[in-house]
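Have a look at the structure below before the remarks.
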Amino acid sequence: MISIIKKVIGNTPKQWAIFSFGLYFFVLLHYFQLNQGGSGLNHPMNPLGWIIVSVVIACALVQIARSGHFRFNYLSKNFAIACLILLIPLVYSGETGWYSHQRLLGLFAGLALLFSIQQLNFKRRDYFKVFFFIIIAAALESTLGLFQYYVLPYFPELNLNTARPSALFFQPNVAASFFVIGALLSLVALQRGPKKTALLGYFCYFCTLTCAMAIGLLQSRTGYIAAIVGSILLLSHSSAVNKKWLATVTLGILISVISINSLERFSRSSEVYGHPGLRVQIYTDSLEIIAKRPLMGHGYGSFIPTYLEHQADKLHKKNTGESYRPAYKMDHPHNEVLLWLVEGGLIGLAAMLLIFFTICRVLFRAQKQRLLLLALLFPSAFHTLTEFPFYQSVAAWMVFIIFCAFALPQTQCMTISTSKASVYHLTATLLVIITTLYMVSILISQQRVSRTAEDPQSAVILNTALPFVSDSFIELRNQQRLSISMQRGLDSEVNYYFNWAGKVNQVAPRPNRYKNQLLAALYFKKIELANKILAQAKALYPTVDWQEQEEWINQRKTEIRRTNQTANPVN
């Protein structure tokens with residue numbers, strides 16, 4: 001069996017890494033599991049993506065052990081320096097810094113992936129194999145999106161979202177950006193792919209058609225801009241314009257326009273494309289927050305409470321005008337640079353600028369491939385300025401790192417001699433085992449969350465024992481524990497929830513958590529504390545209706561007064 005696997009996959013770390021990329025983009029990316037939305041590890045495809053990232057990094061460690069040297073160059077070195085600079089704000093972030101650990105781990109995992117591809121010494125042919133896997137993934141997801149748009153509306157009993165064909169990405173803009181990359185890579189494969197065959201050509205045109213249709217149906221402004229700019233750059237890169245590819249794109253757009261106008265589906269008003277929406281307000285608020293602490297920032301993990309406090313202050317002063325609409329579910333300013341500026345200040349900006357100028361220098365030096373590299377990097381880079389695609393999809397982050405590695409000038413690599421091969425082998429093994437255990441545990445915990453959402457009375461959350469669980473699992477489990485503990489009079493459990501909710505609300509305040517914390521305070525008959533919690537909640541969420549909570553406090557006051565009168569009757 002082992003010999004057969006080696007014949008199919010190969011015996012070198014590079015071959016195993018390429019196979020891992022193929023496994024993810026061809027199979028695991030399309031894994032579906034009921035979920036409650038959100039970002040990060042809440043999406044089923046993301047934990048599986050991190051397992052693949054760990055495998056590729058492990059392959060690189062094995063390669064280092066075999067070759068006895070570590071490779072790096074100008075781009076990867078500067079990326080590493082920028083990532084280290086981004087660690088500085090952790091020193092003064094306090095307890096809130098812990099809540100940024102997933103973002104920082106993802107950042108350094110991407111850096112490790114970049115170095116890993118460099119250690120494996122990918123050649124042009126190797127990159128095009130991975131590119132073809134991405135093309136396959138884009139074709140499969142866009143086809144699923146078209147099925148979602150054209151077929152699923154006729155099966156309402158399935159209760160699936162069919163408004164915009166985002167497939168398993170669940171977010172229209174993330175899906176649109178990925179489909180843009182799929183269409184652009186199809187053109188790259190048609191123009192520059194090694195040993196181009198008729199079958200490969202037909203498949204690239206098929207991917208282009210399905211992606212173009214899906215992009216049109218998604219009606220994503222981000223996707224439209226990325227598609228237009230990317231296409232112009234890529235077509236300008238080649239002296240011979242691929243008329244068939246252009247005709248395929250035109251056909252896909254035409255079909256999508258006809259479908260939007262003829263079918264009773266979701267349709268965005270034309271005014272949407274000329275109106276920036278809430279983003280201008282979010283960006284303005286973020287810049288005002290940055291101005292308060294421009295040098296050091298507000299500390300990692302502080303964006304949510306800082307933004308809510310700033311927003312509440314503006315609403316309280318009533319100097320915002322009628323057009324100001326509060327955004328209460330703000331976990332990110334919809335611009336990656338602004339996030340690092342708010343939390344890291346000019347230190348974060350310095351790291352961002354180092355990455356930017358490094359990429360610009362690489363593009364400037366790559367005279368023959370300058371437009372090609374810029375076309376591939378543009379969709380993801382532009383998307384980070386309008387949303388947070390790398391948090392919502394590991395595939396988007398992985399593809400961006402692969403493109404950055406593709407831009408690396410392999411001929412200018414420097415090496416450092418290494419030893420102790422056994423250490424690298426052990427590290428590679430432990431990395432894959434720990435990552436797989438963690439991510440599979442996260443997937444199971446998310447499955448339990450979905451089952452509980454379908455049946456709120458289910459005790460599956462409380463009866464689940466896993467080594468690692470997601471944040472949504474912890475939230476739901478603690479909420480159930482509070483409800484049961486208050487019914488059964490378990491003081492220690494109620495007190496646990498009160499302390500936990502107070503700690504989490506310092507970093508990620510939410511109205512429902514404030515309401516539950518207020519219930520816990522009233523359980524202990526702490527009226528003053530309940531009033532204090534309610535005051536905090538009203539300050540952050542002034543437009544939320546808190547009348548019911550005020551009634552809880554008044555009702556509890558009445559109960560306490562009656563109890564005291566019964567215990568101490570007037571003679």
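The values are calculated or read from the model by the stated rules, or taken from the named source; none is laboratory data. Given the structure is predicted, the values throughout are model-derived calculations rather than measurements. Please note: Cβ atoms are built from the backbone with ideal geometry, for glycine as well, and neighbour counts cover all protein chains shown. Remember, those area values only see protein heavy atoms, side chains included, never the ligands or the DNA or RNA. Shrake-Rupley method; radii C 1.70, N 1.55, O 1.52, S 1.80 Å.
The table below gives the values:
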read-out: Tilt relative to the chain, helix 279-292 - C-alpha long axis, 0 to 90 degrees, to 10; value: 70
read-out: Structure-based [θ]222 nm, the chain - -39500 (n - 2.57) summed over DSSP H runs of at least 4, per residue, nearest 500; value: -23000 deg cm²/dmol
read-out: Leading residue at positive end of dipole, region 467-540 (Cβ point charges), from L519, A537, L490; value: A537
read-out: Set of aspartates and glutamates with alpha-carbon distance to K526 below 16 Å, sequence-local pairs under 8 removed; value: D491, E550, E551, E559
read-out: Tail beyond 23 Å, pair distance distribution of region 374-518 (Cα, percent); value: 62
read-out: Apportionment of accessible area to carbon and sulfur, the chain, percent (1.4 Å); value: 62
read-out: Cβ-defined net charge surrounding F26, 12 Å radius [Lys, Arg +1; Asp, Glu -1]; value: 0
read-out: Range of Cα positions in the chain per principal axis (Å), largest first; value: 102, 65, 51
read-out: Dipole magnitude of the chain about its Cα centre (Cβ charges: Lys, Arg +1; Asp, Glu -1), debye to nearest 20; value: 1660
read-out: Rounded to the nearest 10 Å², the accessible area of T427 at probe 1.4 Å; value: 70
read-out: Cross-link reach list, aspartates and glutamates versus K557, counting only Cα pairs under 14 Å and skipping chain neighbours closer than eight places; value: E528
read-out: Heavy-atom surface of the chain, accessible at 1.4 Å and reported per residue (Å²); value: 48
read-out: C-alpha long axis of helix 527-540 to longest principal axis of the chain, angle in °; value: 40
read-out: Computed over region 480-571: relative contact order in percent, which uses C-alpha pairs under 8 Å that are six or more apart; value: 21
read-out: Surface accessible to a 1.4 Å probe, L529 within the full protein complex, Å²; value: 50
read-out: Gained length - L287 relative to F26, 0.36 nm times residue gap less alpha-carbon distance; value: 89.8 nm
read-out: Alpha carbon centroid spacing (whole Å) that separates region 251-265 from region 26-92; value: 38
read-out: Cα-Cα over 26 Å, subset of K329/K525; K129/K243; K314/K532; K14/K244; K329/K532; K292/K515; value: K329/K525; K14/K244; K292/K515
read-out: Cα gyration tensor category, rounded, prolate or oblate, for region 1-147 with a/c compared to 1.5; value: oblate
read-out: Modelled FRET efficiency - R0 25 Å, N11 with K129, Cβ distances, 0.05 increments; value: 0.90
read-out: Distance in nm between pseudo-label sites at C360 and T429 (7 Å out along the Cβ direction from Cα); value: 4.8
read-out: For region 427-555: relative contact order, % (alpha-carbon pairs under 8 angstrom, 6 or more apart); value: 15
read-out: Nearest-10 value in Å² for the accessible area of L23, using the 1.4 Å probe; value: 60
read-out: Accessible-area order (highest first, 1.4 angstrom probe) of the listed residues L28, L184; value: L28, L184
read-out: Size of electric dipole in region 485-571: Cβ of Lys, Arg +1 and of Asp, Glu -1, about Cα centre, debye, nearest 20; value: 140
